[in-house]
Amino acid sequence: MLSEKAFAAIEAAKKRYPDPRSALMPALWIAQEECGGWLPREAMADVARVMSLEPADVQSVASFYSMYYKAPVGKFVLEICHNIACDVLGARRIIDHVRERLGIAPGETTGDGLFTLKTVECLAACGGGPCMQVNSRYYENLTPERVDAILDGLRAHAEAGAPPPLPDERPQPADDGDAA
Amino acid sequence: MPEVKILRKWVHDPEQHRMEVALSRGYYQAARQALTEMKPDEIINLVRDSGVRGRGGAGASCGMKWGFMPKEPTPQRPNYLICNCDESEPGTFSNRELVEYDPHQLIEAIVISAYALRVRTALIYCRGEFLFGYERLNEAVQEARERGFVGEKIFGTDFSLDIIVHRGAGAYICGEETALMDSLEGKRGHPRAKPPFPANVGLYGMPTTINNVETLCNIPHLINHGLEWFWSMGTAGAPPEEPQARANWIKSLGTRKSTGTKILSVSGHVKRPGNYEVVMGTSLRELIYDVCGGICGDHDLKAVIPGGSSMPMIPKPIAMDVQMAFETLQAAGTALGSGGVIVFDDQTDIPQVCLAIARFYKNESCGKCVPCRIGTDWIYKLIQRIVTGQGRMEDIELIRDVCINLGGERMMDSRSYCPLGDAAAWPIIWGGLKYFQHEFEHYIRYRRSPVGAEPALVGAH
């Protein structure tokens, strides 16, 4: 199921570490990237073959880590933090807003395959709470209005090739107020 | 202002991650000096005498950990250095900033530390969610390799070093050092029994030192500025003149005092949340009211979690009168932990905060040992029952009982395989229930929030 390019990348990762088994997590990242953002069983079987492991061994590792998705996900995975700091700053309002706006519950994907909603634990962006990651890029200081703008931007990016909305990955001035 | 700029001096510069910019600010001079003018043991002694303690949560003396590493590793039994960048402690976001915006500070620190520890392969375990930081670290290692700061015969010496950046994939437990090593070995991130300790049997069964990002970032500055400078910041005061007294004073630093600075990640109901680097021993009152501008919306302070979610919260009267250092917070019944300061105003529903804490540990328990796997789930279900209006008065004692069977009768008396179990029990029994039991009772008696909060987020995961 995996391409020659992916196999070559996994072989290179195996050589990178003192013990080739350490390349299993990089190999799963490579496989997930290649398979549209999740890990089908066949892909894990391919990883097992190139890593000289049993498929069950690979599945057991993949199932331990929350960022390896074992089921298909949308083009954009919205991971909204619901941990302490984000929660006291209104994360549940943000989660409810996204649920309503997209008509999906946490764990579900929209019918058009664009968005998957997940609630996650602390993303280490508590100073900018409530926060979320979209495909591992940070968006902070969320308000319902800002979330709407981000969702519109992502949709335009997917459908019309517009540039994606800018994530909050830049040095924050010391007295950063509202990034919205 | 008690804020200082040492580790965070350049993090606001969007160009700081580039090698030329780092070099123009004197980066890698400490590494050059260390490798060409100092013996490995001199560096280990410097780090030990500085009293620098682990910034990741446990607060162990860094020099002491380094002292356990073999002095003459062989090719068959090499030493390893791992930088723990799996920052996942709720409330903490300082490592992320350091690796995203100033990765060369860390790379230089690793070069020096690896030389001191006779390490030829160092690994950085970067949290899976930190994709941006992972990319920045890889670029920085590549730049350092091009300049000859990483690779063969660094600075013309016989010392060679490879640095591997490894990306995790979402598991809080991998921040625990032995689970991290299992994860690096391509396995499920399950903690190992200690002893043997990593300095003896670590990564691939070899001697290994694991240090947090912030701990390591102190090393180049220590080389550049020396001991007296480092000691001048913190709670230890001035060293005595008399040689024996001075030696005893130095010995006590790594366990009984706090030297250097600490980056505190402040979040919650403050006007200016963010990362702030302060001298160890800065008062929490100053941090909240001067540095962070006070509580949002003219509300009053209710409680503070001073060291990440694993550490018990303290109510306002204690918070107003405590210093941010290892020993002072311990005396106040909590801990400095990872330096994640979460501030709660008087409108905060503490049982709901405890629910979020309990849910986190329930979700992140690795499942290897029974007290933690069952205990975290039980604590969560009991608190959930209370905040959804189904609680019974006897539930409070039941929560206490489960917490004691998980985290012990006092702090540091754990019953689980690794500290995650303690971390799940402590904030509930020694924080939430200890100071705010009346709020839990209010929920049970009147079936609604004591502060009129919206219903808790339940079942959204």
What is the Cα radius of gyration of chain B over 2.2 N^0.38 Å, N being its residue count?
0.99
Between helix B:40-50 and chain B, what is the angle of the helix's C-alpha long axis to the longest principal axis, kept within 0 to 90° and rounded to the nearest 10?
40 degrees
On the accessible surface of chain B, probed at 1.4 Å with all protein chains in place, carbon and sulfur together account for a percent value of 50 percent
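Which FRET efficiency value, to the nearest 0.05, do you get for residue A:4 and residue B:286 by plugging their Cβ-Cβ distance into 1/(1 + (r/R0)^6) with R0 = 45 Å?
Values: r = 60 Å, r/R0 = 1.33.
That pair, residue A:4 with residue B:286, gives E of 0.15.
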Bin width 5 Å, origin at 0, all Cα-Cα pairs of segment B:19-225: what percent of pairs per bin?
1, 8, 17, 22, 22, 17, 10, 3, 0, 0
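Which entries of B:71/B:194; A:14/B:262; A:15/A:118; A:70/B:434; B:65/B:153; A:118/B:5 show an alpha-carbon separation above 29 angstrom in the structure shown? Please report the intermediate quantities before stating the final value.
Details: B:71/B:194 22 Å; A:14/B:262 37 Å; A:15/A:118 35 Å; A:70/B:434 41 Å; B:65/B:153 26 Å; A:118/B:5 37 Å.
Over 29 Å apart, Cα to Cα: A:14/B:262; A:15/A:118; A:70/B:434; A:118/B:5.
Quick one: if the Förster radius is 22 Å, what FRET efficiency do residue B:381 and residue B:401 give, using the C-beta to C-beta distance and rounding to 0.05? Don't jump to the answer; show the numbers that get you there.
Working: r = 14 Å, r/R0 = 0.63.
Efficiency computed from Cβ-Cβ geometry: 0.95.
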Can you list the residues in segment B:4-49 whose accessible area drops by at least 50 Å² when all protein chains are present, compared with the chain alone? Use a 1.4 Å probe, heavy atoms only.
B:12
With an 8 Å cut-off on Cα pairs and a minimum separation of 6 or more residues, tell me the relative contact order of segment A:1-123 in percent.
20 percent
Alpha-carbon centroids, segment B:200-239 and segment B:1-74: separation in whole Å:
6 Å
If each K or R counts +1 and each D or E counts -1, the residues other than residue B:27 whose Cβ falls under 12 Å of its Cβ total +1
Lys and Arg at +1, Asp and Glu at -1: neighbours of residue B:290 with Cβ under 12 Å from its Cβ sum to +1
Label point distance in nm, residue B:271-residue A:11, each placed 7 Å from Cα along Cα→Cβ:
6.2 nm
For chain A, the longest principal axis of the Cα atoms and the Cα long axis of helix A:41-51 enclose an angle in degrees, to the nearest 10, of 50 degrees
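Percent relative contact order of segment B:19-225, based on C-alpha pairs within less than 8 angstrom and at least six residues apart? Present the calculation step by step, with values, prior to reporting the outcome.
Details: 371 pairs, mean separation 59.7, N = 207.
Across segment B:19-225, relative contact order equals 29 percent.
Could you give the size of the charge dipole of the protein assembly as shown about its Cα centre, using +1 on the Cβ of each K and R and -1 on the Cβ of each D and E, expressed in debye and rounded to the nearest 20? If you can, show how the numbers build up before the last one.
Details: 68 positive and 80 negative charges, 283 e Å.
Dipole about the Cα centre, nearest 20: 1360 debye.
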Only protein chains counted, 1.4 angstrom probe. Which residues of segment A:95-121 are at least 40 Å² less accessible in the assembly than when their chain is isolated?
A:121
Given B:305, B:293, B:318, which one lies farthest toward the positive end of the charge dipole of segment B:261-345, if we put +1 on the Cβ of every Lys and Arg and -1 on the Cβ of every Asp and Glu?
B:305
In nm, the gap between the two label points placed 7 Å beyond Cα toward Cβ at residue B:68 and residue B:347 is 4.8 nm
Calculate the spin-label point distance for residue B:5 paired with residue A:105, positioning each point 7 Å from the Cα along the beta-carbon direction, and give it in nanometres.
5.1 nm
Determine the share of segment A:83-175's accessible area contributed by carbon and sulfur atoms, expressed in whole percent, with a 1.4 angstrom probe.
50 percent
List the residues of segment B:336-373 whose backbone N lies under 16 Å from a point placed 7 Å from the Cα of residue B:448 along the Cα-to-Cβ direction.
B:349
Ignoring any ligand, DNA or RNA, what whole percent of the accessible area of segment A:4-64 comes from carbon and sulfur when the probe is 1.4 angstrom?
54 percent
Enter the accessible area per residue of segment A:76-159 (Å², integer; probe 1.4 Å; all protein chains in place).
31 Å²
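With a 1.4 Å probe and every protein chain left in place, work out the accessible area per residue of chain B in Å², rounded to a whole number.
Details: 16480 Å² over 461 residues.
So chain B comes to 36 Å² accessible per residue, rounded to a whole number.
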Taking the alpha-carbon centre of each part, the distance from segment B:288-356 to segment B:379-451 in Å is 18 Å
Residue B:330 label point, 7 Å along Cα→Cβ, cut-off 14 Å on backbone N: hits in segment B:34-71?
B:52-55, B:57-62
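Which FRET efficiency, nearest 0.05, do residue A:145 and residue B:241 yield, Cβ-Cβ r, R0 60 Å? Intermediate results must be reported in sequence, preceding the final value.
Numbers: r = 63 Å, r/R0 = 1.05.
Rounded to the nearest 0.05, the efficiency is 0.45.
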How high is the relative contact order of chain B? Use alpha-carbon pairs under 8 Å, at least six apart in sequence, and give a whole percent.
16 percent
Relative to the present Cα-Cα distance, how much length would full extension add between residue B:393 and residue B:13 at 0.36 nm per residue of separation?
131.4 nm
Quick one: putting +1 on the C-beta of Lys and Arg, -1 on the C-beta of Asp and Glu, what dipole do you get for segment A:4-64 around its Cα centre, in Debye to the nearest 20?
180 debye
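Could you state the accessible area per residue of segment A:4-64 in Å², with a 1.4 Å probe and every protein chain left in place?
On the way: 2830 Å² over 61 residues.
Dividing the accessible area of segment A:4-64 by its residue count gives 46 Å².
For the protein assembly as shown, what is the calculated [θ] at 222 nm in deg cm²/dmol (nearest 500), taking -39500 (n - 2.57) for each run of four or more DSSP H residues and dividing by its residue count? Walk me through the numbers on the way to the answer.
Working: 24 runs with 269 residues, N = 641.
Theoretical 222 nm ellipticity from helices: -13000 deg cm²/dmol.
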Would you be so kind as to list the residues of segment A:1-34 that have their accessible area lowered by at least 20 Å² in the full protein complex compared with their chain by itself (1.4 Å probe)?
A:16, A:17, A:18, A:19, A:21, A:22, A:25, A:29
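What is the interface area between chains B and A, defined as buried accessible area summed over both chains with a 1.4 Å probe, reported in Å² to the nearest 100? The partial results should precede the final answer.
On the way: alone 18710 and 9850 Å², together 23900 Å².
Rounded to the nearest hundred, the buried surface is 4700 Å².
The values are calculated or read from the model by the stated rules, or taken from the named source; none is laboratory data. Bear in mind that the values here come from a model prediction, so they are computed numbers and not experimental data. Note that each Cβ is placed from the backbone with ideal geometry, even for glycine, and that neighbours are counted across all protein chains shown. All accessible areas refer to the heavy atoms of the entire protein, side chains included, with ligands and DNA or RNA removed. Shrake-Rupley method; radii C 1.70, N 1.55, O 1.52, S 1.80 Å.
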